Each structure stands twice: as structure tokens, then as C-alpha cells.
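Accompanying notes for the structure given below.
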Amino acid sequence: MRMLVTCVTAILLSLGVVHADPAQWRAEWPDTDFTRSTVDFAEIISGGPPKDGIPAIWNPALIAAQSEQRLDAREPVLTYAPEHGPARAYPIRYLMWHEIVNDVVEGLPIAVTYCPLCNSAMVFDARIDGERHTFGVSGKLRHSDMIMYDRETKSWWQQAVGEGVVGRHAGTQLTQLPAWMEDWASFLTEHPDGLVMDEPDWRRAYGSNPYVNYDTSSRPFLYQGEDPPHGINPLERVVRVENRAWPFARLRTQGEIREAGVVLDWRAGQASALDARDIASGRDVGSVRVRDEQGRDIAHDVPFAFAFHAFFPEGVWMLGD
């Protein structure tokens with residue numbers, strides 16, 4: 001159903017039926033300050049579901065990783081390892097259907113986010129001016145990326161860059177925290193005493209992928225921008241560190257790359273969440289760990305190439321030439 005709604009929206013967009021007019025949003029968003037914006041409203045469209053039509057999770061239940069029996073060894077999880085306390089794994093099988101998890105780890109409020117359309121998975125410090133904020137899914141997209149909103153001010157936030165784009169917090173930047181996508185088996189090996197998010201109490205097809213064959217399709221959903229340069233496939237995964245992007249194809253070939261003060265290690269074992277109907281059956285795309293030269297984890301993202309180009313049009317492509 002969700003894919004059907006998205007496809008219908010794409011058709012409407014191509015016919016010029018979907019318009020980005022703040023006036024039509026005010027009834028649904030009476031508390032959002034549309035006089036403050038850092039982006040062109042014409043770039044914002046409906047993704048199909050309404051506000052909270054994709055329900056974010058608040059205060060997720062967590063269980064001991066060793067007791068988890070539902071996850072396949074190859075399934076992707078988003079790992080966050082705080083300085084103190086056990087590491088936490090947030091399975092993509094749940095983020096696929098909820099996109100945002102609001103959690104508190106060792107006293108720090110965080111927002112765990114995943115946008116399937118651009119494969120962007122990031123964890124943010126959820127404090128703004130020292131106060132905790134909680135985030136939901138607006139139902140809007142820009143460059144095929146989820147626009148989040150905060151419940152406290154109803155400001156809109158661009159997930160791919162963690163920046164407020166509409167409302168009171170337009171121009172405010174969230175702090176991204178080091179986190180990484182990896183296969184469940186690797187998490188268990190490195191964090192045998194870790195925690196994992198338990199299955200939410202919602203009726204969803206957890207473990208299934210509603211975007212079958214998406215990351216091998218010819219074009220991204222609801223994306224009207226230009227393709228990446230250098231002949232890079234729009235749906236090729238890249239590793240983004242600030243304004244630099246390393247293509248996965250290069251990482252798979254070299255295994256390890258050391259440049260620009262960054263160490264990237266690729267290893268096989270992680271299933272693509274956006275390939276087969278059953279996430280665990282997805283083709284192997286591998287995992288990347290990103291650290292500095294002292295071995296400390298670095299905040300990064302693994303978006304599709306089109307998303308990097310859309311949000312970092314002057315970004316640097318690390319092609320190894």
C-alpha cells in the first residue's frame with residue numbers, strides 16, 4: 001500500500017497536480033511558522049502519507065541482544081555505541097516502517113532516523129538549545145528525502161543534513177552522532193552485551209521490504225533533480241563524511257581506504273534492505289566502518305549518490321583518480 005501511494009504521488013507530480021504552496025499546508029500545520037524558511041517551497045512535495053501517517057516511535061523497548069531470535073545474521077541494523085553503557089542496535093526492519101525512533105541513552109536524548117528513499121540512516125543529538133525535542137514524520141519530501149518535524153515547535157527538518165528548513169528552527173543544525181549500519185551478526189560479535197530495539201507494538205510487516213528492487217531501479221522515487229556526475233549510478237551507495245563522498249564500488253574493490261584524515265573499512269555480510277521482498281534475502285552490499293586516524297568512530301552517512309549530489313552539489317567525489 002505504501003509503495004502504491006508513493007507511485008500515485010509520482011504520477012500526480014509528473015502531471016503538475018501536486019503543488020508546493022504553504023497556504024495549503026497551514027490547515028494541517030497551524031503551529032508551523034511558514035514565514036521562516038531556508039529552502040524553496042517548490043522543492044517540497046507530499047510523499048503520500050499525511051503527517052504521522054508513518055508513525056515515529058517514542059521510548060522504544062529494548063532487550064538483551066543475546067535474547068533476540070527474530071533477526072537474521074545478515075539483516076542491517078543501525079548501531080549507536082555511547083561512551084558509557086552498552087551499544088544499541090536499531091533494526092532497519094523496524095525503521096523501514098517508522099523512520100524515526102526517539103530514545104534516551106545514558107541521559108542523552110537522541111533521534112534515530114532512516115529514510116528508505118535515499119538510504120540515509122543517521123542518529124542525532126535531539127537537544128536544541130539544551131532542551132529535548134522529539135521528532136515525527138511530516139509526510140513531506142524534498143529531493144526524495146524525509147522531512148521530519150519536531151513536536152515542540154512544529155518546525156520542519158531535512159533528515160539528510162539534520163537542518164531545520166521551515167519554522168522557528170529554520171537554519172538550526174542538529175548535531176550528528178557517530179553511528180553506523182552493519183549486519184546483525186557483526187553487532188553481536190562486537191557487542192555481546194549490547195541491547196537491541198524490540199519489535200514495536202504496531203501491526204506492520206516487519207522484516208519485509210515495501211520497496212522491492214528499489215536500489216537497482218533506474219530512477220529514485222519522487223526525485224526530479226539531476227543525476228550525479230562522473231557517470232555514477234543515482235542509486236549507488238556512497239559513504240558521506242561532511243561534504244565528501246566515497247562510492248561503494250571503490251570501497252568494495254580496495255577494502256580499506258585511508259585519505260583525507262579518514263579510514264574507511266568495507267566488509268561483506270550485510271543484506272540490502274531495499275532489494276528483495278524479504279530483507280534478510282537481499283543481496284550482499286557489505287558494511288563500512290568510518291574512523292579517524294586514531295581509530296575513533298566518525299559521524300557519517302551511507303546515502304544513495306543522487307541524495308549526496310542533491311544536498312551537496314559542490315561536494316567532493318572521492319574517486320581515487
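The values are calculated or read from the model by the stated rules, or taken from the named source; none is laboratory data. None of these values were measured; they are calculated from a predicted model. Glycine also receives a Cβ, built like all others from the backbone with ideal geometry; neighbour counts cover every protein chain displayed. Calculation scope for accessible area: heavy atoms of the full protein, side chains included, ligands and nucleic acids excluded. Shrake-Rupley method; radii C 1.70, N 1.55, O 1.52, S 1.80 Å.
Some points to look at:
- Between Gln270 and Val285, Gly286, Ser287, the built amide H atoms are under 5 Å apart, and every one of these is 5 or more places off in sequence or on another chain.
- Solvent exposure of Thr153, expressed as accessible area, is near 10 Å², computed with a probe of 1.4 Å over the protein chains only.
- At R0 = 30 Å, FRET efficiency that the Cβ-Cβ distance of Gln224 and Glu259 yields, to 0.05: 0.35
- Using Cβ point charges alone (K and R +1, D and E -1), the dipole size of the chain about the Cα centre works out to roughly 620 debye.
- Computed E for Ala42/Asn213 - FRET, C-beta separation, R0 35 angstrom, nearest 0.05: 0.70
- Spin-label model, Glu131/His84: points 7 Å from Cα along the beta carbon direction are separated by 2.7 nm.
- For the stretch 24-183, the alpha-carbon coordinates run over 49, 33, 21 Å along the three principal axes, in decreasing order.
- Figure legend: label point modelled 7 angstrom from the Cα of Thr175 along Cα→Cβ; residues of the stretch 86-129 with amide N under 12 Å from it are 108-110, 124-129.
- When peptides 293-302, 112-121, 262-271 are sorted by average Cβ neighbour count within 10 Å, with the highest value leading, the order is 112-121, 262-271, 293-302.
- Here Asp198 and Asp278 are evaluated by their C-beta separation; at R0 = 22 Å the FRET efficiency comes out at 0.60.
- Set of the stretch 42-74 residues, backbone N closer than 18 Å to the point 7 Å along the Cα-Cβ line of Val104: 57-63
- Cα-projected label distance for Asp33 with Lys51, points at 7 Å along beta-carbon direction, nm: 1.7 nm
- Residues whose amide H falls under 5 Å from that of Leu62, counting only those 5 or more places apart or on a different chain, are Asp198, with hydrogens built in the peptide plane.
- Peptide ranges 225-231, 203-209 listed from the most packed, as the mean C-beta count within 10 angstrom indicates: 203-209, 225-231
- Comparing Cα centroids, the stretch 53-105 and the stretch 120-193 end up 14 angstrom apart.
- Radius ratio Rg over Rh of the chain, counting only Cα atoms, Kirkwood formula for Rh: 0.94
- For the pair the stretch 28-48 and the stretch 216-241, the centres of their Cα atoms are 25 angstrom apart.
- Selected from Glu163, Glu99, Glu68 as most flexible by GNM, with the chain as the system and alpha-carbon contacts under 10 Å: Glu68
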